[in-house]
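One structure is given here, and the rest of the page talks about it.
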Amino acid sequence: MSDDSHVHCGTSNPVNDSAHTDGQPDLTALRASIAQAVRNVKDRTPLAQSFTNFVTINLVANAQLAAGGTAAMSFLPDDVIDTASISGADYINVGTLLPFYAEALPQIARAFHKSGHKWVLDPVAAGIGRTRTEILRAFRAAPPTIVRGNASEIIALTNMWGLAAVDGETSRPAGGESVDEVDAAVEPAKRLARFLADSAPEGKAAVAVSGAVDLVTDGERVYRLPGGSALMAKITGAGCSLGGVTATYLAVAEPLTAALAASLLYNRAAEVAEAKAEGPGSFQVHLLDALWNLTPEQVAASEILTY
Ligand SMILES: Nc1ncnc2c1ncn2[C@@H]1O[C@H](COP(=O)(O)OP(=O)(O)O)[C@@H](O)[C@H]1O
Ligand SMILES: Cc1ncsc1CCOP(=O)(O)O
Ligand SMILES: [Mg+2]
């Protein structure tokens, strides 16, 4: 195990774990399920298949492998649909689109919906472009199990699916970068998660909003996950690979646990990597090493805020 002196975790969190006596929930069971998810991935090397963008496809695969999973990338609907029978969960990322995706992606989503196959959507740059909007709108009828994106993407998707509050929250990212704070996406994320859960075969879903402090919700409970590193924004694919690793955990765990485990693993790994890196290049190398070296206990002991 590498030096983890910069990892913000311990055996307990005094603010939250002892606080259930004065109104905060007891996170013991949740931490146990997070640790189990991290352990299960390391023990079982589950396959999570990806249909993802060309820019970051290599980092997505390497991050899934470093977390302990197995990767398979494809852009052929028949390939993706067939492989779903042996893939624990799938990952779809709309970062770089080609014209044929407008037919292929909704076809794949419908097949997943029909078979009850779990999948994670990263709605990269949601709100930008006619083809992307057409594809993301089509997913409403065959929704993912988890949506993972930055705040602007979550707000834009919620809007696009007609789930915004009466006044509507309108936003769209600058390219793939968020122009909104994570807190602006709390209510959209909750509404989106409830919609996903209502569509899910087992009634369970989650939304993960990334940023300086990440947010994960199942539509009822909201968890804030502090930490990580600002250097994450200086490598391409931090968010995309987080989506891929979320699918890896979804292969072995229920959606809320999977989303929490992946986001916490990323925050801890980013802290380890920042302490060792000399810049973005070595940061990415150390990030992959830390994804590999962090233990289930270290991930599960992370700070989790429930207010
Ligand atoms: N300022 C920051 N401080 C700490 N962690 C960050 C920061 N910005 C992004 N991250 C982390 O980087 C990863 C990707 O998040 P983000 O940059 O929001 O995604 P995207 O690249 O899709 O916009 C997440 O693990 C998130 O916690
Ligand atoms: C730069 C870029 N352009 C299209 S997709 C993509 C990667 C976005 O990756 P992330 O959202 O993880 O930073
Ligand atoms: Mg992104």
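The values are calculated or read from the model by the stated rules, or taken from the named source; none is laboratory data. Model, not experiment: these values are computed from the prediction. Using ideal geometry, Cβ is built from the backbone for each residue, glycine included, and neighbour counts are taken over all protein chains shown. Accessible surface areas use protein heavy atoms only, side chains included; no ligands, DNA or RNA. Shrake-Rupley method; radii C 1.70, N 1.55, O 1.52, S 1.80 Å.
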Inset, instruction - Compute the acute angle (0 to 90°) between the alpha-carbon long axis of helix 151-160 and the principal axis of greatest extent of the alpha-carbon atoms of the chain; round to the nearest 10°. - result: 30 degrees
Inset, instruction - Considering only Tyr223, Tyr266, Tyr249, give the residue with the highest GNM mean-square fluctuation for the chain, with springs between Cα atoms whenever their separation is below 10 Å. - result: Tyr223
Legend entry - Computed label-point distance, nm, for sites Ala275 and Glu103 using a 7 Å Cα→Cβ extension: 5.3 nm
Inset, instruction - Among Ala233, Ala261, Thr45, pick out the residue whose Cα is farthest towards the positive end of the charge dipole of the chain, where Lys and Arg carry +1 and Asp and Glu carry -1 on C-beta, about the Cα centre. - result: Thr45
Inset, instruction - Please report how far the C-alpha centroid of the range 111-152 lies from that of the range 71-93, rounded to the nearest whole angstrom. - result: 15 Å
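Output the antiparallel fraction of DSSP beta bridges having both residues in the range 100-246, as a percent to the nearest 5.
Just about 55 percent of them are antiparallel.
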Inset, instruction - Could you run the Debye sum over the Cα atoms of the range 100-219, one equal point scatterer each and no solvent, and tell me log10 of I(q)/I(0) at q = 0.12, 0.15, 0.18, 0.20 Å⁻¹, two decimals? - result: -0.37, -0.59, -0.86, -1.06
Legend entry - Net dipole in debye of the chain [+1 Lys, Arg Cβ; -1 Asp, Glu Cβ; about Cα centre; nearest 20]: 620 debye
Inset, instruction - Find the all-direction average of the projected area of the Cα convex hull for the range 19-300, expressing the result in square nanometres with one decimal place. - result: 13.7 nm²
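Just to confirm, what accessible area per residue do you get for the chain at 1.4 Å probe, in whole Å²? Numbers along the way, then the final one.
Working: 12250 Å² over 307 residues.
About 40 Å² of surface per residue is accessible.
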Legend entry - Estimated translational D of the range 181-307 in µm²/s (Stokes, Kirkwood radius over Cα pairs; 37 °C; 0.692 mPa s): 222 µm²/s
Legend entry - Length-normalised contact order of the range 19-300 in % [C-alpha pairs under 8 Å, at least 6 apart]: 21 percent
Inset, instruction - Sticking with the crude label model, points 7 Å out along Cα→Cβ, report the distance from Thr28 to Lys234 in nm, one decimal please. - result: 4.2 nm
Legend entry - Where Phe195, Phe100 fall by accessible area, highest first, once all protein chains stay in place (1.4 Å): Phe100, Phe195
Legend entry - Full-stretch length increase - Ala212, Leu76 - with 0.36 nm per residue and alpha-carbon distance subtracted: 45.4 nm
Legend entry - Neighbour net charge for Lys190 - beta-carbon separation under 11 angstrom, K R +1, D E -1: 0
Inset, instruction - Rounded to the nearest 10 degrees, what's the angle between the helix 57-67 long axis and the longest principal axis of the chain, both from Cα atoms, 0 to 90? - result: 40 degrees
Inset, instruction - Mind giving me the FRET efficiency for Ala141 and Asp183? R0 is 30 Å, r the Cβ-Cβ distance, nearest 0.05 is fine. - result: 0.50
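Mind checking the alpha-carbon convex hull of the range 108-157 and giving the volume per residue in Å³?
Numbers: hull volume 3.1 nm³, N = 50.
In the range 108-157, the Cα convex hull volume per residue is 62 Å³.
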